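K.L.:
Here it is: the structure, laid out below.
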Number of protein chains: 4
Amino acid sequence: MKNNKPKYKLIIDAAVDVIAENGYHASQVSKIAKKAGVADGTIYLYFKNKEDILVSVFEEKMGQFIEQIVTATNERENASEKLLTLIEMHFSQLAANHHLAIVTQLELRQSNLSLRQQINRILKPYLVVIDEIVKEGVEEKLFRSDIKIPLIRQMIFGTLDETVTNWVMNEEKYDLIGLAPYVHELITKGVSVK
Amino acid sequence: MKNNKPKYKLIIDAAVDVIAENGYHASQVSKIAKKAGVADGTIYLYFKNKEDILVSVFEEKMGQFIEQIVTATNERENASEKLLTLIEMHFSQLAANHHLAIVTQLELRQSNLSLRQQINRILKPYLVVIDEIVKEGVEEKLFRSDIKIPLIRQMIFGTLDETVTNWVMNEEKYDLIGLAPYVHELITKGVSVK
Amino acid sequence: MKNNKPKYKLIIDAAVDVIAENGYHASQVSKIAKKAGVADGTIYLYFKNKEDILVSVFEEKMGQFIEQIVTATNERENASEKLLTLIEMHFSQLAANHHLAIVTQLELRQSNLSLRQQINRILKPYLVVIDEIVKEGVEEKLFRSDIKIPLIRQMIFGTLDETVTNWVMNEEKYDLIGLAPYVHELITKGVSVK
Amino acid sequence: MKNNKPKYKLIIDAAVDVIAENGYHASQVSKIAKKAGVADGTIYLYFKNKEDILVSVFEEKMGQFIEQIVTATNERENASEKLLTLIEMHFSQLAANHHLAIVTQLELRQSNLSLRQQINRILKPYLVVIDEIVKEGVEEKLFRSDIKIPLIRQMIFGTLDETVTNWVMNEEKYDLIGLAPYVHELITKGVSVK
DNA sequence: CATGAATGAGCTTTCATTCAT
DNA sequence: TATGAATGAAAGCTCATTCAT
């Protein structure tokens with residue numbers, strides 16, 4: 001019984017594993033090809049070059065990541081609840097996929113400017129999702145309107161990202177998902193008492 | 001009149017410039033040596049290997065960076081003011097040194113696990129400074145005590161880091177330092193109204 | 001209405017164009033197949049391998065080339081006139097077909113020994129034609145008999161070939177055909193006065 | 001006792017041998033390096049890239065080739081004698097160096113346009129030497145003035161080149177140098193009787 | 001006959017590091 | 001200390017050829 005998965009997907013999945021296991025710079029194309037069970041040359045029938053594999057990995061995985069979050073947050077009533085759901089989903093999806101967490105938090109950052117810019121382009125829709133939740137909160141008079149939204153979004157994304165990165169670098173030893181309500185509390189209420 | 005700076009420092013400074021100008025991956029040892037005005041081989045009298053140059057660059061620059069912040073925050077009366085000063089100093093020091101900002105926010109992230117861990121070790125004292133300000137705030141009953149300090153520190157550092165990275169990736173087009181009070185407000189009060 | 005030319009000929013013609021346009025080393029089999037409107041694999045139903053395409057190209061085109069010259073020279077009365085006709089035909093056929101001129105004068109020379117030997121084999125009949133004209137001239141007491149025919153043939157072919165190559169490398173800027181009588185004069189009378 | 005020849009010359013000589021033995025396309029840089037007794041990387045301290053090795057080989061050898069001919073022809077009294085000496089030297093130098101003959105007559109022709117143009121540039125001085133002998137002959141009223149010099153030069157060079165190529169392709173089985181007077185006779189007097 | 005997806009061997013060039021001087 | 005010429009391992013990508021359909 002042969003493997004019927006389309007080669008594109010086979011290669012993407014192999015790339016996630018290989019990058020997570022070996023790190024970005026030790027992920028030779030030949031290693032990815034071997035893991036995917038295809039010839040080296042086959043990679044180039046589906047991807048323009050090595051960088052294109054990485055971008056596609058991120059595009060593919062990030063697409064699913066964002067879709068899950070959008071679906072889940074849409075089921076919530078107000079901006080604060082949506083924000084909590086976003087945090088929970090952000091944490092839970094990365095906690096559920098060890099390799100993906102390593103790739104997004106560590107490996108994909110080791111890239112040159114060109115790749116970085118493409119990653120930012122892919123990340124954009126997620127930032128837009130955050131922006132929209134914040135806007136909604138402002139309209140609902142739940143969130144402050146005296147600070148520019150991009151700055152608020154940077155705080156939210158920066159906090160989530162730093163929290164996940166710390167968790168990954170601590171070898172995922174503690175419960176990331178359990179932190180969600182505390183992070184939500186911090187973001188909404190801030191560090192000050194009352 | 002020849003340059004009397006010790007070669008160690010010459011090489012460190014050359015490395016910062018070369019990395020900022022060419023990017024991490026295009027920063028060959030020979031380029032750094034040329035900029036520093038020494039022979040390639042001389043580099044290896046002062047540094048174990050290429051990675052050691054990078055770690056030393058970060059160590060050197062980060063040491064000064066932290067020292068400045070510690071000195072400045074010590075002159076403040078309470079935790080909230082200290083936090084504001086820390087934010088201002090964090091922003092102003094990077095805004096004042098274009099090359100250093102690029103190196104810390106973009107280039108040094110493109111490194112392998114080993115280098116990343118050493119960078120974290122170097123970053124540790126800065127995180128400790130943040131922790132201490134938070135602890136002081138808690139003792140002063142200014143900051144909340146119901147959330148673990150590491151989480152609060154991650155929010156603070158994550159927000160600052162994300163804000164600076166965005167500013168660098170936007171080609172430093174807007175006034176970073178001017179954002180300090182708003183970021184401080186967000187961190188202390190949160191996104192919620194009141 | 002689809003193209004009814006037999007695929008063999010389609011491929012040969014495509015190969016001439018592709019080689020002339022892209023040069024020998026950039027003439028991938030897939031490019032020739034695309035231009036011919038057939039699948040890559042189809043090529044191998046008609047040709048043993050890539051080299052075989054090139055040999056066949058030369059064989060095909062050279063066959064026509066020689067045939068034209070034989071026909072035309074046969075209409076002449078004596079060796080000297082035949083030689084002039086041969087020169088005129090040699091020049092005019094290449095001048096009339098830009099792509100063929102590039103392929104014969106430049107691209108086909110960039111080949112390995114095996115291909116070169118096959119090309120020589122194909123060229124042989126042309127050299128025989130020259131030899132026969134010379135022999136005829138000797139019999140008619142028009143041409144000298146004190147120098148071996150192969151040497152005379154080398155002078156004739158060498159002169160023609162060098163003249164055409166120079167014209168091609170000068171981007172065919174001047175009138176090649178107009179040179180025929182001068183070249184004929186040089187070959188028959190030599191460079192010396194009287 | 002180590003080899004004191006400068007590496008540049010070592011590599012040039014190794015390249016001639018390797019190309020003659022293996023042919024142009026099978027002459028990997030690593031093969032040349034091995035033959036020269038240096039590391040692969042060392043090649044790139046002396047040559048810009050692989051093509052540069054080939055150009056340099058031709059430049060170096062052709063320089064000597066031309067110099068010898070210029071020196072020898074300058075010792076002759078008139079244009080006809082100079083031409084004979086040029087032919088003799090052209091033949092004898094290639095006959096004396098089997099590898100060089102193969103490289104110049106066969107291997108260096110298998111090159112792309114860029115390399116071909118560089119080779120032509122290097123060949124230029126030789127063509128100028130021929131031109132000058134012809135001009136001298138015209139002034140001395142020995143050579144005809146009714147045909148443009150470039151055409152005469154093409155006949156001369158074409159004849160010599162074709163003669164040498166034939167000799168090389170016939171595995172150098174006959175005496176090339178002995179052909180010189182006959183070739184000279186053909187060039188000066190032509191193929192016609194009287 | 002025809003297809004075209006898949007194969008995988010093959011090669012130039014870079015650059016961190018060494019070491020004889 | 002300082003030099004810089006020399007080293008040589010390492011890897012992305014191409015493309016002629018095959019073969020299952």
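The values are calculated or read from the model by the stated rules, or taken from the named source; none is laboratory data. Since this is a predicted model, take the numbers as computed values, not measurements. Virtual Cβ from ideal backbone geometry, glycine too; neighbours counted across all protein chains shown. For accessibility, only protein heavy atoms count, side chains too; no ligands or nucleic acids. Shrake-Rupley method; radii C 1.70, N 1.55, O 1.52, S 1.80 Å.
K.L.:
If you take the Cα Rg of chain B and divide it by 2.2 N^0.38 Å, with N the number of residues, what do you get?
P.N.:
With N residues counted in chain B, Rg over 2.2 N^0.38 Å equals 1.14.
K.L.:
Between the helical axis of D:180-189 and the dominant principal axis of chain D, each derived from Cα atoms, what acute angle in degrees is found, rounded to the nearest 10?
P.N.:
50
K.L.:
Still on this model: So how do D:65-74, A:132-141 stack up, highest first, on mean other-Cβ count within 10 Å?
P.N.:
A:132-141, D:65-74
K.L.:
In degrees, nearest 10, range 0 to 90: what is the angle between the Cα axis of helix C:113-139 and the longest Cα principal axis of chain C?
P.N.:
Rounded to the nearest ten degrees, it is 30.
K.L.:
Now a separate question. Would you mind getting me the FRET efficiency between D:Q117 and C:R121? Use the beta-carbon distance for r and R0 = 41 Å, nearest 0.05.
P.N.:
0.90
K.L.:
Quick one: how many Å² of C:D131 are accessible to a 1.4 Å probe, rounded to 10?
P.N.:
30
K.L.:
Once you charge only the Cβ atoms, +1 for Lys and Arg and -1 for Asp and Glu, what is the size of the charge dipole of segment B:50-189 about its Cα centre, to the nearest 20 debye?
P.N.:
It works out to roughly 420 debye.
K.L.:
If you count only protein heavy atoms and use a 1.4 Å probe, how large is the accessible surface of B:Y8, to the nearest 10 Å²?
P.N.:
Its heavy atoms expose roughly 80 Å² to the probe.
K.L.:
Note down the relative contact order for chain B as a percent, whole number, built from C-alpha pairs under 8 angstrom at least six residues apart.
P.N.:
Computed over chain B, the figure is 22 percent.
K.L.:
Give me the tail of P(r) for segment A:144-194 as a percent: Cα-Cα pairs with distance above 12 Å.
P.N.:
Pairs farther apart than 12 Å: 69 percent.
K.L.:
Could you check which residue among C:M89, C:M169, C:M62 shows the biggest mean-square fluctuation in a GNM of chain C with a 10 Å Cα cutoff?
P.N.:
Looking only at C:M89, C:M169, C:M62, the largest GNM fluctuation is found for C:M169.
K.L.:
For segment D:45-55, just list the computed ³J(HN,Hα) in residue order, Karplus coefficients 6.51, -1.76 and 1.60, θ = phi - 60°, integers in Hz, with x standing in for Gly and Pro.
P.N.:
7, 10, 9, 5, 7, 4, 4, 4, 4, 5, 4
K.L.:
Let me ask something else about it. Once every DSSP H run of n ≥ 4 in the protein assembly as shown is given -39500 (n - 2.57) and the sum is divided by its residues, what mean residue ellipticity at 222 nm do you get, rounded to the nearest 500 deg cm²/dmol? Please report the intermediate quantities before stating the final value.
P.N.:
On the way: 36 runs with 560 residues, N = 776.
When only DSSP H runs of four or more count, the value is -24000 deg cm²/dmol.
K.L.:
Please find the FRET efficiency linking D:V193 to B:Y44, where r is the Cβ-Cβ separation and R0 is fixed at 51 Å, and quote it to the nearest 0.05.
P.N.:
FRET efficiency, D:V193 to B:Y44: 0.05.
K.L.:
Note the angle between two axes, namely the Cα long axis of helix A:7-22 and the longest principal axis of the Cα atoms of chain A, as a number of degrees from 0 to 90, rounded to the nearest 10.
P.N.:
The two axes meet at around 70 degrees.
K.L.:
Taking every pair of alpha-carbon atoms in segment A:1-47, what share in percent sits in each 5 Å bin, from 0 to the bin with the longest distance?
P.N.:
Values per bin, smallest distances first: 5, 25, 33, 23, 10, 3, 0.
K.L.:
Next question. Give me a comma-separated list of calculated 3J(HN,Hα) values for segment D:58-65, in order, Karplus coefficients 6.51, -1.76, 1.60 applied at θ = phi - 60°, integers in Hz, x for any Gly or Pro.
P.N.:
Working through the residues one at a time gives 5, 4, 4, 5, 5, x, 4, 3 Hz.
K.L.:
Give me a single rounded figure for D:139-147: the average over its residues of other chain Cβ atoms within 10 Å of their Cβ.
P.N.:
Per residue, the number of nearby Cβ atoms from other chains is 3 on average.
K.L.:
Looking only at other chains, what is the average number of their beta-carbon atoms within 10 angstrom of each beta-carbon in B:114-122? Spell out each step's value before the answer.
P.N.:
Values: counts 1, 1, 5, 1, 0, 0, 3, 0, 0.
Counting other chains' Cβ atoms within 10 Å and averaging over B:114-122 gives 1.
K.L.:
If I build a Gaussian network model for chain B, linking alpha-carbon pairs within less than 10 angstrom, which residue out of B:S114, B:S56, B:S27 has the largest mean-square fluctuation?
P.N.:
B:S114
K.L.:
Given segment C:1-79 reduced to its alpha-carbon atoms as identical point scatterers, what log10 I(q)/I(0) does the Debye formula return at q = 0.14, 0.15, 0.19, 0.27 Å⁻¹?
P.N.:
-0.52, -0.57, -0.78, -1.30
K.L.:
Residue of C with Cβ nearest the axis relating C to A, plus distance in whole Å?
P.N.:
Closest Cβ on chain C to the axis mapping it onto A, in Å: C:G41, 4.
K.L.:
A follow-up question, please. Using amide H atoms built 1.01 Å from N in the peptide plane, name the residues 5+ places from D:F143, or on other chains, whose amide H lies under 5 Å from its own.
P.N.:
Long-range HN contacts for D:F143: C:V193, D:V138.
K.L.:
Would you please give the FRET efficiency between D:Q64 and C:Y8, computed as 1/(1 + (r/R0)^6) with r the Cβ-Cβ distance and R0 = 51 Å, to the nearest 0.05?
P.N.:
0.55
K.L.:
Related question: Stokes-Einstein at 25 °C, 0.890 mPa s, Kirkwood radius from Cα pairs: D for the protein assembly as shown in µm² s⁻¹?
P.N.:
Numbers: Rh = 33.1 Å.
Approximately 74 µm²/s, per Stokes-Einstein.
K.L.:
Keeping all protein chains in position, work out how much accessible area C:Y46 exposes to a 1.4 Å probe, and write it in Å² to the nearest 10.
P.N.:
So the heavy atoms of C:Y46 present about 100 Å² to solvent.
K.L.:
Once you average over the residues of B:24-35, how many Cβ atoms of partner chains fall within 10 Å of each Cβ?
P.N.:
Details: counts 4, 5, 1, 0, 0, 0, 0, 0, 0, 0, 0, 0.
Shielding by partners across B:24-35 averages 1.
K.L.:
What's the percent breakdown of Cα-Cα distances in segment B:83-194 across 10 Å bins, shortest bin first?
P.N.:
Going out from 0 Å in 10 Å bins, segment B:83-194 shows 13, 42, 34, 12, 0 percent.
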